[in-house]
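Quick notes on the structure that follows.
The values are calculated or read from the model by the stated rules, or taken from the named source; none is laboratory data. Just so it is clear, the structure is predicted and the values come from calculations on it, not from any experiment. Please note: Cβ atoms are built from the backbone with ideal geometry, for glycine as well, and neighbour counts cover all protein chains shown. SASA here: full protein model, heavy atoms, side chains in, ligands and nucleic acids out. Shrake-Rupley method; radii C 1.70, N 1.55, O 1.52, S 1.80 Å.
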Amino acid sequence: STRVKSIWLPDRLLVYNWFMGINHAIESLMAKRKIFHSEADFQFAFAWEIQLLNPSAQVRLEYSPASISPTMHIDIVVQLNDEIIPIELKYLKKKLQHQENDEQFILRDNGAQDISRYDILKDLQRLERLKQDLAGVKCGYALVLSNHPSYWKTSSNRDTIDHEFRLDEGKTITGRLTWDETAGPGTTKGREMPIDISGQYSIKWKDYSKLNDTTSGTFRYLLLTV
């Protein structure tokens, strides 16, 4: 059999090499899977794609860095030699029914986009902490896949309770991010704390797949590199 050529180099890696490797994995998965049933389906498929592209890597799901926090779990961790790459995923759905070959996909709306935006940025904050505190972590990735245009489109309402958490195309994320003072406890419960982002992240969504011409028929993805 033909051995799969590693997209990552076996020696000490630069952040650029990992960035190219992650993008290659996304593009490779894009050619195989246009849609996923759930976040767990997406998580497993992406981890498997990374493993196929680099058989010598150790790819772990739901990894717990107990030395940092015993309650913390990272969606995917890739380890190659002394390099550790944490990856956090989100699969945010808008209602859609789609037939792909012989497989039927019935997606239900996640709802609560404001809470999902908070959770994405909480992932980003967690990745920054891992890069700072966990030996071997040189970079990390937050990957969001969605068919809900509200995540990338700019809202005409500037007074939304989650305006600091919005991920509109072209926006820059940095600094302390908080809910608007009008946010109710039903929204903020369990998410009351501000999010502190030390880096600067430019929001740039990219096309992943187009299934039809409806508002929920296009999937786009956002990749943030820590």
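Numbers for the structure displayed
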read-out	value
Qualifying lysines (Cα of each under 24 Å from Cα of K93; at least 8 residues distant if same chain)	K32, K34, K122, K153, K171, K189, K204, K206, K210
Share of carbon and sulfur in the accessible heavy-atom surface of the range 127-204 [1.4 Å probe, %]	47 percent
Label-point separation in nm, K206 to L52, each point 7 Å along Cα→Cβ	1.8 nm
In the range 170-226, the trypsin sites (Lys or Arg not before Pro) that fall in loop regions by DSSP, at most 11 other Cβ within 10 Å	K189
Charge dipole (debye, nearest 20) of the range 107-226; +1 at Cβ of Lys and Arg, -1 at Cβ of Asp and Glu	400 debye
Longest site-free stretch - the chain; sites: GluC sites (Glu not before Pro), DSSP loop, at most 13 other Cβ within 10 Å	1-180
Answer label, with log10 I(q)/I(0) by the Debye sum over Cα atoms at q = 0.12, 0.18 Å⁻¹ calculated from the coordinates and candidates [x] -0.78, -1.30; [y] -0.69, -1.46; [z] -0.68, -1.31	[y]
Quotient of C-alpha Rg and 2.2 N^0.38 Å, computed over the range 118-226	1.15
Accessible area per residue, Å², the chain with all protein chains present, probe 1.4 Å	52 Å²
